[in-house]
Amino acid sequence: MANNNKRRRGPSKTSAIVALCIVLVLTLVCGFLGLNGMKLDGRGLYKLLPWLPTTDAENWPASLPLGLDLRGGVYVEYSAEQPAEIEGDYNSLLDATVSVIQQRLTDKGYPESTVSKINNNTGLRVEVPDVTDPQALLNLIGTPAELSFRGPDGVEFMTGKQVQTAMPALQDGEYVISFTLTPDGAATFAEKTRASIGQRIAIYLDGQELISPTVQTAITDGRGVINGMGSQERAQTIAAQIQSGALPLDLTQQKVDTVSATLGDTALSTSVLAAMIGILIVMLIMIVRYRLNGVVASWALCIYIIVLFFLIAVIPGIQLTLPGLAGIVLGIGMAVDANVIIYERFNEELRAGRPARAAARAGFKNAMSAILDANVTTIIAGLVLLIYGTGSVQGFAKTLLLGVLVSMLTAVLVTRFLMTRFIAAGCEKPSLFCGGVKLTENEQEVR
């Protein structure tokens, strides 16, 4: 009786078969949607998960954010120098410049553009996909920003030309912005603040509200302060934007290049084809080498690919680039490597005469340390590339890190779930998994 109870541990045969059928149906449905598209709009799934980016009936996987090398567009590199008349920390001014350019591009219809710091934070790289007129884009980046002051009624009464200086300052333990105006601006500002005490005067940059301080008293001498900054960095950033009326730093164009959409489509199609051929060959080798476990590994690999590309579509900040595709393929290799380690340990236990259920438990237990070591070292390398790399290197690092994390999930959870359910469903003969088992099935039962 004790032996019978021990043999019945784990899922029953019926529940295991039902579970496998459910997972198979879900895999086929998700795979079909991945190949044929799925409408992603502001309804349904996004009501349950509001943090997902909402789109207007956009197709997944067509909505995958493609990088410049796959989608085509323009990238520009600038060196950044601090003007002598603008005071403040260079790094804060550089961050402000990135913010201004990014906001300007977004407002002008380029929401997928990216602005990043390069060359040890001494320059900027601007990447904008789907650009038909590169010169218009360069003019947009280099033109001065439009700074305007608007009264409580929303009407502009002064522009950035009337601002003489604006700099961060520490007043009574609080970071503020101290500013001075030109004589013409001082007269205009005195009249407006005198009539707006207790009300807000908004400062707009390129049509977007930058700050809207409340007028405490009439400013008649052309000198005043704006409090409520909170931090030194914010005070420096906003002061630089108010002071310059343009970009906080002077940008000098160093490099500009364009990538045609045709070249990107060709690179994408050939890369995807190569990846598919490689994945199919790996699946075939796994099935030949590990038999039923090879089928489990191939199934888990399909789930891995579906989950990975869905995460790429919904996680902000990740774009699919050619180096990113390389990171995905490397992540697939890590997932297969984890399965190989597990199945080798499993086969060792089978050849030692253990029944399939006990061999599965021991195989996963013995393989975990090796899997964790390999993945942790890869994660460390990916983090180093992400922190110290730029451009395409960061794209590779992002997809590599995401791929490794998903591969650990599928190797530890999905593979184990499928493997144990197959065994519970009655697939316990050692010949289904490997050859070279010397003990007969009856001898295994006695043992």
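The values are calculated or read from the model by the stated rules, or taken from the named source; none is laboratory data. Source: prediction; values computed, not measured. With ideal geometry, Cβ positions are generated from the backbone for all residues, glycine too; neighbour counts draw on all protein chains shown.
Of the residues Ala358, Ala338, Ala362, Ala367, only one is under 29 Å from the mean Cα position of the chain (by Cα) and part of a helix (DSSP H, G or I); which?
From the options Ala358, Ala338, Ala362, Ala367, the qualifying one is Ala338.
Matching residues to (1) farther than 25 Å from Leu105 by Cα; (2) in contact with a Pro (Cβ under 8 Å, 6 or more places away or on another chain); (3) surrounded by fewer than 14 Cβ atoms within 10 Å (Cβ to Cβ):
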{"site": "Gly154", "(1), (2), (3)": "no, no, yes"}
{"site": "Ser178", "(1), (2), (3)": "yes, yes, no"}
{"site": "Ser196", "(1), (2), (3)": "yes, yes, no"}
{"site": "Val225", "(1), (2), (3)": "yes, no, no"}
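All but one of (1) free of Cβ contacts under 8 Å to residues at least 12 places away in the same chain; (2) within 30 Å of Thr214 (Cβ to Cβ) hold for Ala136, so report the exception by its number.
Single failed check for Ala136: (2).
Which one of Leu263, Leu268, Leu273 is surrounded by fewer than 15 Cβ atoms within 10 Å (Cβ to Cβ), farther than 26 Å from Thr159 by Cα and at pLDDT below 70?
Leu263
Does Ser148 meet the test of being part of a strand (DSSP E or B) and surrounded by fewer than 15 Cβ atoms within 10 Å (Cβ to Cβ)?
no
Somewhere in region 379-400, is a residue surrounded by 21 or more Cβ atoms within 10 Å (Cβ to Cβ), among the aliphatic types (A, V, I, L, M) and assigned by TED's automatic domain parsing to the domain that holds Leu322?
The answer is yes; a qualifying residue exists.
Being assigned by TED's automatic domain parsing to the domain that holds Lys108, among the charged types (D, E, K, R) and modelled with pLDDT under 85 narrows it down to one of Asp221, Asp206, so name that one.
None of the others qualify; the one that does is Asp206.
Looking at Thr415, Thr420, which is the one that is modelled with pLDDT of 85 or more, under 28 Å from the mean Cα position of the chain (by Cα), under 22 Å from Asn366 (Cβ atoms) and not aromatic (Phe, Trp, Tyr)?
Result of the check over Thr415, Thr420: Thr415.
Across region 120-139, which residue is surrounded by the fewest Cβ atoms within 10 Å (Cβ to Cβ) among those that are part of a helix (DSSP H, G or I) and not polar (S, T, N, Q)?
Step by step, filter region 120-139, then rank; the result is Ala136.
Return yes when Gly353 is among the small types (Gly, Ala, Ser) and outside any helix (DSSP H, G or I) and no when it is not.
Here the answer is yes, as Gly353 does meet what is asked.
Got a number for residues in region 154-174 being under 38 Å from the mean Cα position of the chain (by Cα) and charged (D, E, K, R)?
Number satisfying all stated conditions: 1.
Among Ile303, Ile328, which is of a type in the set (A, V, I, L, M, F, W, C) and either more than 17 Å from the chain's Cα centre (by Cα) or farther than 18 Å from Ala274 by Cα (or both)?
After applying the criteria, what remains is Ile303.
Do any helices (runs of 4 or more DSSP H) lying entirely in region 1-110 carry at least 2 residues that are outside the structural domain of Ile423 (by TED's automatic domain parsing) and modelled with pLDDT of 80 or more, and which ones are they?
90-107
So, in region 354-384, exactly how many residues are without any contact (Cβ under 8 Å) to a residue 60 or more places away in the chain and within 21 Å of Phe422 (Cα to Cα)?
Adding up the residues that qualify gives 10.
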